[in-house]
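J.: Pasting a structure here, questions to come.
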Amino acid sequence: MGYRRIPLSGSEGARAASPGEDGALRLSLYTDLSLRLLLYLGAAEAGAWTTTPAVARTFGVSLNHLQKVARGLTASGYIEARQGRAGGVRLARPPAEVRLGAVVAELEGLGCLTECGRGPCPLAGRCLLKSALDAAERGFIRELDRFTLADVLASPTGAALRALIGRAPDDAGPAPP
């Protein structure tokens, strides 16, 4: 599969999957916000337009960052956007067609856990560590690809999101097959 990285401009373009202070592997803020936006739109009424300020308020995140995310997800074809008084954003495809691994791989890029080009490294081209880290990263994406937005929305996460956005559970649409 050919995924491409959608970079953030400016200083917000944190490295993909960087370790946190506690040493745990972390996704970039851009990917985190992208997944939140996709989940919100998946939990919203199918086909309904939602504003980015409403999403930013719901999650308590920066509107500026969320608008950058919306532009990137629009360019990738995950969401649709329209301007104007009746504008907003909505999913461009059904939640069952949005694989989480594909989203994360596209946003974070693959093979980015280590940058052997930094250096010069005397081990370049002869290091098993790079291969091991790349294999682990592919395994991480493969595991995420087992899940779609629809899977997450069918869990208690979907009910919690619908409650956050004020959408009654009986408006949740048909249950996934």
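The values are calculated or read from the model by the stated rules, or taken from the named source; none is laboratory data. These figures come from a predicted structure and were not determined experimentally. Note that each Cβ is placed from the backbone with ideal geometry, even for glycine, and that neighbours are counted across all protein chains shown. Accessible surface is based on the protein model in full, side chains and every heavy atom, while ligands, DNA and RNA are left aside. Shrake-Rupley method; radii C 1.70, N 1.55, O 1.52, S 1.80 Å.
J.: Where residues in region 116-155 are within 30 Å of Ala44 (Cβ to Cβ) and polar (S, T, N, Q), which of them is most open to solvent (accessible area, probe 1.4 Å)? Talk me through it step by step, then tell me what you get.
T.: Within region 116-155, the subset within 30 Å of Ala44 (Cβ to Cβ) is 140-155.
When the remaining residues are screened for being polar (S, T, N, Q), the result is 148, 155.
Working: Thr148: 7, Ser155: 39 Å².
The residue in question is Ser155.
J.: Any chance you could count how many residues in region 155-172 are modelled with pLDDT under 50 and within 23 Å of the chain's Cα centre (by Cα)?
T.: Residues of region 155-172 modelled with pLDDT under 50: 168-172.
Filter once more, so that each one left must be within 23 Å of the chain's Cα centre (by Cα): 172.
Number of matching residues: 1.
J.: Also: How do the pairs read when you match residues in region 40-51 that are of a type in the set (Phe, Trp, Tyr) with residues anywhere that are in a helix (DSSP H, G or I), using Cβ under 7 Å and keeping only pairs 6 or more apart or on different chains?
T.: That search, which allows pairs on different chains as well, returns Tyr40/Val55; Tyr40/Thr58; Tyr40/Leu161.
J.: Can you report the number of residues in region 45-102 which are buried (at least 17 other Cβ atoms within 10 Å of the Cβ) and hydroxyl-bearing (Ser, Thr, Tyr)?
T.: 4
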